[in-house]
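The values are calculated or read from the model by the stated rules, or taken from the named source; none is laboratory data. Predicted model only: the values in this text are computed from it and were never measured. Every residue, glycine among them, receives a Cβ derived from its backbone with ideal geometry; neighbour counts consider all protein chains shown. Please note that ligands, DNA and RNA were not included when accessible areas were found on the heavy atoms of the full protein model with its side chains. Shrake-Rupley method; radii C 1.70, N 1.55, O 1.52, S 1.80 Å.
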Amino acid sequence: MDSRSAILGRIRAAAQAGGRDEGRAAADVAARLATPPAHPTPGRVKGLTALGLIELFTKMATAVGAGVERVADPARVPHAVADYLSGLGHGFQVRIAPDPWLRAIPWDRRPSLSVAFGRAQAGDQVGVTTALAGVAETGTLVIPSGSDQATSLLFLPRIHIVILPLHHIVGTYEEAWHGLAIRQQARGLGMPRTVNMVTGPSRTADIEQTSLPHAHGPGRVQIILVGEPDPATA
């Protein structure tokens, strides 16, 4: 018997000696996953309306160095993207994740934009994605992998632009995870291979305590919020 088997054998024997019922334990885990208990809500999001969550998300995202802009409808997105890049003195070539909602945006309304869909390619400087959720608690974007995303766009281009519908803004991480589980179940899928959480631009101060952008991903993150707050919840 190898060492690993011996260790696992002793753990199994100890669990059985303590009266552990493995079948019951598995059922308990399944029940907890099916109906997880509510976690404490951070004070900064407790009791906020939908409009309050939008304002908090904007505040927290800008505090960590992301830019935030709001547009009323998807037709304004191409103009917001082009104007942002123009303000940086940057070119207008963008690579966009193949999400159906992003594809439906009328990108041709801003002819100066050169648009391509798919995974990041060598030389791409601007990546455009959407996000499953924006977490108001910390200004974090939750972006799962999948056929409608392109995870490489989160890391390779120097500029990351996120197009986020207002109704995707939630208060806490727990709400984002719950929404992900519901979406995956509706699609008949298990949990995605990876879930990336993006809080502002990439930077590091490991070298001589000097903050350097674009260390492990984009040095700029621009979030374009799309839509109007629901009057019934604002």
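From the list 82, 116, 97, pick out the single residue that is in contact with a Lys or Arg (Cβ under 6 Å, 6 or more places away or on another chain), aliphatic (A, V, I, L, M), open to solvent by less than 20 Å² (accessible area, probe 1.4 Å) and at pLDDT 95 or above. So the residue among 82, 116, 97 that is in contact with a Lys or Arg (Cβ under 6 Å, 6 or more places away or on another chain), aliphatic (A, V, I, L, M), open to solvent by less than 20 Å² (accessible area, probe 1.4 Å) and at pLDDT 95 or above is 82. For residue 147, the criteria (1) hydroxyl-bearing (Ser, Thr, Tyr); (2) closer than 13 Å to residue 97 by Cα; (3) open to solvent by less than 50 Å² (accessible area, probe 1.4 Å) hold in every case but one, which is (3). Scanning segment 150-164 for residues being of a type outside the set (A, V, I, L, M, F, W, C), open to solvent by 10 Å² or more (accessible area, probe 1.4 Å) and in contact (Cβ under 8 Å) with a residue 40 or more places away in the chain gives a total of 2. The residue of segment 59-78 that is nearest to residue 197 (Cα to Cα), among those that are part of a helix (DSSP H, G or I), open to solvent by 40 Å² or more (accessible area, probe 1.4 Å) and not hydrophobic (A, V, I, L, M, F, W, C), is 62. Inspect all residues belonging to segment 33-46 and state whether any of them is in a helix (DSSP H, G or I) and of a type outside the set (Phe, Trp, Tyr). Yes. Might you let me know whether segment 208-226 holds any residue that is surrounded by fewer than 22 Cβ atoms within 10 Å (Cβ to Cβ), among the hydrophobic types (A, V, I, L, M, F, W, C) and at pLDDT below 95? Yes; the residues of segment 208-226 include at least one that is surrounded by fewer than 22 Cβ atoms within 10 Å (Cβ to Cβ), among the hydrophobic types (A, V, I, L, M, F, W, C) and at pLDDT below 95.
Could you say which residue among 200, 179, 188 is modelled with pLDDT of 90 or more and in a helix (DSSP H, G or I)?
Working: 200 fails: in a helix (DSSP H, G or I); 188 fails: in a helix (DSSP H, G or I).
Only one candidate passes the filter, namely 179.
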